[in-house]
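Quick notes on the structure that follows.
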Amino acid sequence: MSSGKTLVELIREKTGVSAEQAQQAVDVVVGFLKDKLPEPIATQIDQVLKGDIGALSEQIDAAKTLLGGLLGGKKDS
């Protein structure tokens, strides 16, 4: 089951709305996030909701390494 589907089901369980209303809520939130987040992150939203987080995981690791170096964190030798 994909993360997107899980999110729709969670909204239905917590609010009691129909599946269609829950899907509309997810679509609105996803659209909002895509508009507001920086492009490299926004383009990954659909993949994350489909459960394909491999590529995103690699980007997060790269960002952590970069930020660690910028902030004086532990550097690889």
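At a 10 angstrom cut-off on C-beta neighbours, averaged per residue, how do the peptides 18-24, 37-43 rank from highest to lowest?
Values: 18-24: 13.7, 37-43: 11.6.
The densest-packed peptide leads the list: 18-24, 37-43.
Distance in nm between label sites at S18 and L67, each 7 Å beyond Cα in the beta-carbon direction?
4.1 nm
Applying 1/(1 + (r/R0)^6) with R0 = 35 Å to the Cβ-Cβ distance of E9 and I60, what FRET efficiency is obtained, to the nearest 0.05? Could you put the intermediate results ahead of the total?
Details: r = 26 Å, r/R0 = 0.74.
Step by step, r from the Cβ atoms, then E = 0.85.
Test of the criteria: in region 1-51, which trypsin sites (Lys or Arg not before Pro) are in a DSSP loop and have at most 12 other Cβ atoms within 10 angstrom of their Cβ?
Values: sites: K5, R12, K14, K34, K36, K50; in loops: K50.
Listed in order of number, the matching sites are K50.
Starting at the first residue of region 10-18, write each ³J(HN,Hα) from the Karplus equation 6.51 cos²θ - 1.76 cosθ + 1.60 with θ = phi - 60°, in whole Hz, x for Gly and Pro.
Whole-Hz 3J(HN,Hα) from phi for region 10-18: 5, 4, 4, 5, 7, 10, x, 7, 6.
Bear in mind these aren't lab numbers, they're just calculated from the coordinates by the rules spelled out. Everything numeric in this text was worked out from a predicted model, so none of it was measured. Note: ideal-geometry Cβ built from the backbone for every residue, glycine included; neighbour counts use all protein chains shown.
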